[in-house]
Structure formats: C-alpha cells, structure tokens
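Here, each number is a calculation from the coordinates, and none is a lab measurement. Quick caveat, the model's predicted, so the values are computed rather than measured. Don't worry about glycine lacking a Cβ; one is built from the backbone with ideal geometry, like all the others, and counts go over all protein chains shown.
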Amino acid sequence: MVKPLKTQVASVQEGDIHDYDSILDYFNNKMAQQDLKKNYHSITFVTTGIEAYNGGQTTMLHLGTLLTQAGYAVYYLSYVPQSTASMENNAEFNYPGYQGTCLEMSEMTNHQSDIWIATLWESAYIIKNLPGYKIYFVQDYEPYFYPFGDRFQLAKKTYELGLHMISLGPWCKQMVQNNCQAHSPLDQINFPVDLENYPYEKRDFSTYQNKKTIKLAVYTKFNSPRRAPINIQFILNNCEKILHNQGYQLKINYFGTEKEETFINGQNLGKLTRPELIQLYQQCDFGIAPSMTNFSLVPFEMMSTGLPFIDFQEGTGRHFIAPHCCFYTHFDENELAHLLIRLCQDPTTLQTVTNNARQHLHSITWDRTLADILNILAHLPQK
C-alpha cells in the first residue's frame, strides 16, 4: 500500500468550532433588541483581549480615553482569557496614558453597561442579546479576513443582526451597504490621525536629485493579507533589480512583522515602538504601507512626519487620502521603479504633495472624530 508523504506546504486551515467553546452560547441568529435608557452613562468595548502593536485596539483605546474625558464611564472587556494586569500593560504600551477600566473574561456574566460596543465580528454575537444599547464599531469589512466559507458568512451576518453600526471612515460603510441587508442605523465617523505623536520634520527635497541609494520604510504583516505581504515582496524584489540596472540601490526597511520572520530581500526591523518609528520615517526617503481593505494608521503617521507616501491603486487609500497628497502606482515593479526615479528628479512635486498632505491631515484629527462620535451618542434613541 502506498504511504502518504508529508508535504512542505500545509493545507488551508478550515477552522475549528472548538475555537469558540468558551462563547458557544452567544452564537445564534436572534436579532438584536435595543434596550433604551433615558440617559446613557457607561460604555463597554468588548474585545479579544488587548494585544501589543494592535492598531485597531489602539484606536479603541484612544476613542475610549476621549469618551472617558467627555464624562462616560468606559470599560474594555475581554472575551478571551487574559489577565487584567496583562490587558492593562498592553493598553499602556499601545496608548500611553489611556483611560478606562480593563475587565477580564470572568467579568462577562456580571458586568452591566448602558452601551455595549462590539469591536470584531465575534463580539457582535456576544453583545447583541445583552441588556443595553448595542453598537458595532466597524473598523474593517471583516468577511474579507477569511476565504469564502463559513467564517466569511458568519462575519457577514453580523452586519444584518440589528446592531447600530458606526463605520470608521467611508469604505466600511460602503461595503456594508453594497453587500449586506442591514436592518439598523449605519453611521460614519472620521478616520483620524494623531499629529502630536508623529511630529513633522521639514525635508530638503533638493537632495533627492543626487541620491543613488533610495531608502524605503515598508509596513507589512506576514499574518495579514490585508497588508499584502506576499505581493509587496514580489514587487520590491523585482523593483530592486530594475533600479540596480539603472545605477540605483534600493534599501528596504520592513517593519510590522515579527523579527524572526525572513523577508526575501531588505531587512526586517520587526515591530517598532513609536520613537523607533519616528526615527525610521525621518531616515527614509519614501514610505509604503499597503491597505487592501479598510485602512491603516501607518500611512497617516508617515505623512504626519513629512515622509512622502506611495500607495497602490489596487488598495483602498483613495477612500481616505485626499487628492494630491500621496503618489499612486500599481503592484507593478516597472511602474514603481519609474515612479521612484521620477520623484527623485522632481523636488518641487515632492514638496508640493508633502505640503498638501500636511494640510489635509490637519482636517482629519481626533478632535473631529470625537465630535462625530459624541454627536451620534447624543442622538441615540431614548426610553
């Protein structure tokens, strides 16, 4: 009898229902019933613990801190096992000086809240039948997190269960409207940038004309197809060869992926702290950070420091970045190589676009986001 041989490439993982053993009781198709109050005071974000370097949770913590300062009692409740001390530690790492109270999984059965906020499709199932007003903070179109299959459908269903949805930026709202049968309010808030933490530094773009080494800061994540980790390596590897043949060296600084992972070219700086990020942006000539679904905080952070940003037409950047604030290309090494050479020879355009970006960023600050969310909360239906 022929014996099977182990292959180097594993089959696509299809998921395991036992991933959800601890929260099985929450998965059903009952529509959310909103419990109205005369006044809403307490707000609880329900989250997959708090993980260091997590951009979505950093946004949650920033928003929760602003809501705390606005007078709400804010909580961050984990529905996965993680100690309160660990949650607090990672929260402080992600957003130093955060405000609000971290609650571990054991508090799920006893904690009460006027408003519950889901932060991932799984948490939408958890909160939808709890007593209180249920909000779904939609930071991405989460069916795209999975191959077309059951988790894709489970995630898609959450937009149709009656929770009051608040989209971070326009893209998620558009995706829900185009692909789902929503039966509840669908609002939108500004996708913000934190200018204070990523200070602007003026550049002398005239020096670019003499560059023979072009330094790139490239954000991607091996475990997130949304950041195009395979495609970006293909393109940059081929672009490096094209530029070499034209007398240029491309120095690629990858970051955002675990340090032990190996890229096919360039160097992997791993996951960086905020001071390390600022230093990297100041030392590089261009920034690249693909966003294939909603968006990342990284492009705005790069632009905030004055780093010229290059985006891809195949991604979602056009939904978030104002015209003439960055440079677009396709996932095509020839186009990218041509763009880099052309920009190095055009300091006037570099300065103009960088100035445009800086002006645009001042119009999408967290002050605007806070005003948006407070306006929504002030107009929630009341008892």
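Observations on the structure shown:
- Using θ = phi - 60° and Karplus 6.51 cos²θ - 1.76 cosθ + 1.60, couplings along segment 151-168 (whole Hz; Gly, Pro as x): 5, 4, 6, 4, 5, 4, 4, 5, 7, 10, 9, x, 6, 6, 9, 10, 8, 7
- 3J(HN,Hα) from dihedral phi, segment 286-297, Karplus parametrisation 6.51/-1.76/1.60, rounded to Hz, x for glycine, proline: 9, x, 9, 8, x, 10, 9, 10, 4, 5, 10, 5
- Cβ crowding within 10 Å averaged over residues, with 257-265, 100-108 ranked highest first: 100-108, 257-265
- Per residue, the convex hull spanned by the Cα atoms of segment 75-206 measures out at 172 cubic angstrom.
- Crossing angle, helix 229-245 versus the chain [Cα axis fit, 0-90 degrees, rounded to tens]: 10 degrees
- Two-site FRET efficiency, Val80 against Gln249, from Cβ-Cβ distance with R₀ of 45 Å, rounded to 0.05: 0.50
- Computed over segment 253-368, the alpha-carbon pair-distance distribution with 5 angstrom bins reads 2, 11, 19, 23, 24, 14, 5, 2, 0, each value a whole percent.
- Net charge of neighbours whose Cβ lies under 14 Å from the Cβ of Met31, counting Lys and Arg as +1 and Asp and Glu as -1: +2
- Charge sum, other residues only, whose C-beta stays under 9 Å from Phe222's C-beta, Lys/Arg counted +1 and Asp/Glu -1: 0
- All-pairs Cα distance distribution in the chain, expressed in whole percent, bin size 20 Å: 26, 54, 19, 1
- When each of the peptides 294-303, 240-249 is scored by how many other beta carbons lie within 10 Å of its residues on average, the order from highest to lowest is 294-303, 240-249.
- Taking amide H as placed 1.01 Å from N in the peptide plane, the amide H of Asp311 sits under 5 Å from that of Phe327, Tyr328, Thr329, each at least 5 places away or on another chain.
- Protection proxy ranking, highest mean first, for peptides 78-84, 56-62, 310-316: 56-62, 310-316, 78-84, where packing is the per-residue count of other beta-carbon atoms within 10 Å, averaged.
- Residues of segment 43-61 falling in the label zone of Gln99, defined by backbone nitrogen less than 15 Å from a point 7 Å along Cα to beta-carbon, are 43, 61.
- For the set Lys241/Lys271; Lys156/Lys383; Lys128/Lys271; Lys38/Lys134; Lys128/Lys173, the pairs lying more than 24 angstrom apart at their alpha carbons are Lys241/Lys271; Lys156/Lys383; Lys128/Lys271.
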